[in-house]
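First comes the structure, then the notes that go with it.
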Amino acid sequence: MPKSTIEGSPGEVKLLLGNEAIARGALEAGISIATAYPGTPSTEIVETLAEVGERYGVYVEWSVNEKVALEVAIGGSMMGLRALTAMKHVGVNVASDSLMSLGYAGALGGLVIVTADDPSAHSSQNEQDNRIYGIHSYIPVFEPASPQEAKDMTRDLFDLSEKYETAVFLRTTTRLAHSRGEVKLGELVKLERKPAFHRDPERWCCLPPYDLVSHQKALDRVRRLEEDLSGFKYNWVEEGSKELAIVASGASYAYVKEAVERLNINPTIFKLSSTFPLPRKLAIQALNFERVLVVEELEPVVEDRLKVIAYEEGLKAQIFGKNLIPRVRELSTPIVASAISKIAGVPYSPPTPVRISLELPARPPVLCAGCPHRATYYAVKLAVARSRIKPVYTNDIGCYSLGFYPPFNTADVMWCMGASLGIGSGIAKFSQDPVVAFIGDSTFYHAGIPGLINAVYNNIPLLVVVMDNGITAMTGHQPHPGSGYGPAGEPRQVIKIEDLARAAGVGFVEVVDAYNINEVRDVAERAIRYVRENKRPAVVISRRPCALIELRRKRSRGEEIVPYFIDQEKCIKCGVCVDKFSCPAIVREGDRILILPDVCVGCGVCASICPAKAIRPVKSVTG
Amino acid sequence: MGVKRALAIAGVGGQGQITLATILGQALVRKGYNVRGGEVHGLSQRGGSVVVFVKYGRGILSPIVTEGEADVLVGLEIIETLRRVPLLSPSGVLIVNDFFLPPPASKPVNREDLKKALKSLGLKTILLNANELAVKAGSPISSNIVMLGALIGSKTVDLSLEEVSSVLSERFKGKTLEVNMNALKMGYDYVSSRGSI
């Protein structure tokens, strides 16, 4: 077994991704359980642990969704073991039902929930601030400022979790999760805990009147933390001028440090890592300054709390925050420098960038060459045209979300995991034509099944197209219940989507090969007819492994990849391949249409749709 | 060399920017620097416009390079280089792979117009055909390592060829290592043979 990036001897300094640092921190705390549903920017935490889990006695699972991931971790904590679960910010929405009860009941074995927030929504449907979940659920929130701190804090939070018998949030953002920095490794601890269920029905059964007792306990816990966290080792004060205090939380700390250096000023900096509950003593210390600027990304969580404490303590500090620091998008050093310059009364002129006058073509992300989703979209649109319907297309979360873009435009609605079926049903009940809902395999297992059962039970005229590439592709190929293997590649039972659909009572379920345009088109056309005639849902599963996985498999087997080319003599320049199918391997050069041999993966779908039969492999494939 | 250096590496998703930045970062960490490397995954994983940052120096560093801040911009493709030029400080150095990959289904752009625009910026510029050198080195996918060699050859980063080679030899094995070593040397030699920039 090759050494993983996070392995090494104590004292060794390694360049680690924020997420890898968290994984290392969890190992140093001696965790026994790590669970997650993949989601950018959180995925690499559990992915890294999956590589090494067996060696360190950690049970690692890719869970079906975030709610189940959290619940498995809670179960582990009830067995007295240390558990980590990681999810993207919107994943916490999925887990929130369990989360709220967890806030009351608390944890036994150390339980760290990583919430990876995404300011600027680089790869998400929103930029919600999950520190508010901490407030809502009474679960304390901690924000590391660097990869080193992410590792150290993860390790220490397991101790804190056990000391206060509460789960804790470790809140990261894309900039921390996906940035690399030097990390000095610590000792790996093996706790040798014997798992034992801690029977305590009054605590673990969320029933009245015990839940009211738990509610009071949770409030007491938060109060206690509000006092104790003033001494938390990742909070500190950097003494500077007496006029201005800057409170910087999490990733903002680095921006503040760079900004004051650029402005050449020396304010007092409160480096804050425990944002909920806000340590009261530290808050009072900051509020004794005439002016306080709070630098935090997204919502004014710290700022608002400071204002409350100022009122309660009768302190008159002027508090600045979201009046100078934007609430939308992530921060940067120039944004922070500009805000500080305003209250510090010093000029700030950002560096003048080099400008170009030329207009550059945009490069939106595209479905890969050979991606089966492209073929599915192309064929389903043919079926729709043949059926003479104008459906509303609902779409879901995955690589196939790119169907939003031309030439496919197969996303009129895109909301959150599984919503293509739910929202699609609401539209379908009242629309002239059937709704076509596109959903990926992993998303189907995650949140599609209840929507499908609902559609059957309530007679919804909905065509569900499951785009099954066998893996959670967008986050970097993590296996799911249909993949046939587990986190470390070990074989597992395959839970088939067609079996689930039939068991849900769907009367029309067919599986097609995504690369076979005619088959997908004909079956989709029949499915549309079925939906219209019966006013009931149909499921078409368009199956083909992810093109990147297939390419990797072929390379490792030493199989030759034979690209296709366009015979210029035969090409009639109709543009179907380049404009309607839009594979990144097919380009226009002057008035010719060409296939880039380095980009083409040889799927051959373009050859099957060429009306002039002008596309062929560069050589015949043997064997 | 200043206390803090900021680099940006621009290209199309899949060109190996992250590998380039990670090797660079590892060599710098080994040299005792504080290093932050930023990157954005997700939707731009394949075929999209991707930029990666490497900052090093002493003390606390933020993970992003903003407009006018970069001392060096390494561009793995011409359009993407031009797109990220605003990151570069007017006194910065531009190292560009003479490789043109227009986005599919976009308005046609002319390669020569782009190169003219590049020259008209009046920046210290090194232009090389890394794809061609990569093929000579043994594999077209080693163009990112050719560009790493060019960066080291430009003497704009506090790293020697040996310091980077030693990271390569730990990261790769066998044939891949051999190809990457060739690629690194070819990029390095191409730039250092041109003398100072």
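Observations on the structure shown:
- Residue within the stretch A:151-171 that is touching a helix residue (DSSP H, G or I) at 6+ places or on another chain (Cβ under 6 Å) and within 14 Å of chain B (Cβ to nearest Cβ) present: no
- Residues of the stretch A:434-469 that are in a loop (DSSP other than H, G, I, E, B) and aliphatic (A, V, I, L, M): A:Ile460 alone.
- When A:Leu402 is tested against (1) touching a Gly at 6+ places or on another chain (Cβ under 8 Å); (2) in a helix (DSSP H, G or I); (3) within 14 Å of chain B (Cβ to nearest Cβ); (4) not basic (Lys, Arg), exactly one condition is not met: (1).
- Members of the stretch A:317-336 that are basic (Lys, Arg) and under 22 Å from the mean Cα position of the chain (by Cα): A:Arg327, A:Arg329
- Unmet criterion (only one of (1) surrounded by 24 or more Cβ atoms within 10 Å (Cβ to Cβ); (2) within 30 Å of A:Phe197 (Cα to Cα)) for A:Glu20: (2)
- Scan the stretch A:257-293 for residues that are buried (at least 20 other Cβ atoms within 10 Å of the Cβ), under 13 Å from A:Val237 (Cβ atoms) and in contact with a strand residue (DSSP E or B) (Cβ under 6 Å, 6 or more places away or on another chain) and the total you get is 9.
- Of all the residues in the stretch A:553-592, those that are among the aliphatic types (A, V, I, L, M) and more than 11 Å from chain B (Cβ to nearest Cβ) number 5.
- For the residues A:Arg363, A:Arg355, the requirement of being surrounded by 18 or more Cβ atoms within 10 Å (Cβ to Cβ), under 30 Å from B:Asp71 (Cα atoms) and of a type in the set (D, E, K, R) singles out A:Arg363.
- Of all residues in the stretch A:465-482, those that are under 23 Å from A:Val384 (Cα atoms) and either assigned by TED's automatic domain parsing to the domain that holds A:Ala36 or touching a Ser or Thr at 6+ places or on another chain (Cβ under 8 Å) (or both) total 4.
- Scanning the stretch A:603-615 turns up no residue that is in a loop (DSSP other than H, G, I, E, B) and within 11 Å of another protein chain (Cβ to nearest Cβ).
- Qualifying positions in the stretch B:56-82 - surrounded by 20 or more Cβ atoms within 10 Å (Cβ to Cβ), within 7 Å of another protein chain (Cβ to nearest Cβ) and not acidic (Asp, Glu): B:Leu61, B:Ser62, B:Pro63, B:Ile64, B:Thr66, B:Ile79, B:Leu82
- For A:Leu212, the test of being in a helix (DSSP H, G or I) and farther than 24 Å from A:Val301 by Cα is passed.
- Qualifying residue in the stretch A:110-122 (condition: at pLDDT below 95 and either touching a Leu at 6+ places or on another chain (Cβ under 7 Å) or on the phi < 0 side of the Ramachandran plot (or both)): yes
- Of residues in the stretch A:407-429 being within 14 Å of another protein chain (Cβ to nearest Cβ) and either surrounded by 24 or more Cβ atoms within 10 Å (Cβ to Cβ) or touching a residue at least 40 places away in the same chain (Cβ under 8 Å) (or both), the one farthest from A:Val539 (Cα to Cα): A:Pro407
- Test: residue in the stretch B:9-17 that is at the interface with another protein chain (Cβ under 10 Å from one of its Cβ atoms), in a loop (DSSP other than H, G, I, E, B), of a type in the set (Val, Ile, Thr) and surrounded by fewer than 24 Cβ atoms within 10 Å (Cβ to Cβ): no
- Number of positions in the stretch A:202-212 that are of a type in the set (A, V, I, L, M, F, W, C) and surrounded by 13 or more Cβ atoms within 10 Å (Cβ to Cβ): 2
- Of all the criteria given as (1) more than 14 Å from chain B (Cβ to nearest Cβ); (2) touching a residue at least 40 places away in the same chain (Cβ under 8 Å); (3) more than 24 Å from A:Tyr133 (Cβ to Cβ); (4) assigned to a strand (DSSP E or B), the one not satisfied by A:Thr268 is (2).
- When B:Gly47 is tested against (1) more than 7 Å from every other protein chain (Cβ to nearest Cβ); (2) without any contact (Cβ under 8 Å) to a residue 60 or more places away in the chain, just one condition goes unmet, and that condition is (1).
- Residue match in the stretch A:126-135 (condition: crowded, with 24+ Cβ neighbours inside 10 Å and β-branched (Val, Ile, Thr)): no
- Qualifying residue in the stretch A:349-369 (condition: assigned to a helix (DSSP H, G or I) and either assigned by TED's automatic domain parsing to the domain that holds A:Asp522 or within 30 Å of A:Ile439 (Cβ to Cβ) (or both)): no
- Number of positions in the stretch B:135-182 that are closer than 26 Å to B:Thr81 by Cβ, within 13 Å of chain A (Cβ to nearest Cβ) and out of contact with any strand residue (DSSP E or B) (no Cβ under 7 Å at 6 or more places or on another chain): 6
- Residues considered: B:Ile141, B:Ile145. Of these, the only one that is closer than 29 Å to A:Val599 by Cα and surrounded by 21 or more Cβ atoms within 10 Å (Cβ to Cβ) is B:Ile145.
- Options A:Ser425, A:Ser431: the member that is part of a helix (DSSP H, G or I), among the hydroxyl-bearing types (Ser, Thr, Tyr) and not assigned by TED's automatic domain parsing to the domain that holds A:Phe581: A:Ser425
- Looking only at the stretch B:105-134, and only at residues there that are free of Cβ contacts under 8 Å to residues at least 24 places away in the same chain and crowded, with 16+ Cβ neighbours inside 10 Å, the one that is nearest to the other protein chains (Cβ to nearest Cβ): B:Ala105
- Listed conditions (1) hydroxyl-bearing (Ser, Thr, Tyr); (2) out of contact with any strand residue (DSSP E or B) (no Cβ under 6 Å at 6 or more places or on another chain); (3) under 21 Å from A:Ser249 (Cβ atoms) are all met by A:Tyr104, apart from (3).
- Residue pairs meeting the criteria (Cβ under 6 Å; at least 6 apart or on separate chains; first without any contact (Cβ under 8 Å) to a residue 60 or more places away in the chain, in the stretch A:47-68; second surrounded by fewer than 20 Cβ atoms within 10 Å (Cβ to Cβ) and outside any helix (DSSP H, G or I)): A:Val52/A:Ser4
- Filter pass, A:Glu296 being away from chain B (no Cβ under 14 Å) and acidic (Asp, Glu): yes
- Test: residue in the stretch A:220-228 that is under 34 Å from the mean Cα position of the chain (by Cα), over 23 Å from B:Leu61 (Cβ atoms) and not in a helix (DSSP H, G or I): no
- Of the residues in the stretch A:372-379, at least one is farther than 28 Å from A:Thr40 by Cβ and in a helix (DSSP H, G or I).
The values are calculated or read from the model by the stated rules, or taken from the named source; none is laboratory data. Quantities reported herein were computed from a predicted structural model and do not represent experimental measurements. Cβ: placed from backbone, ideal geometry, glycine included. Neighbour counts: every protein chain shown.
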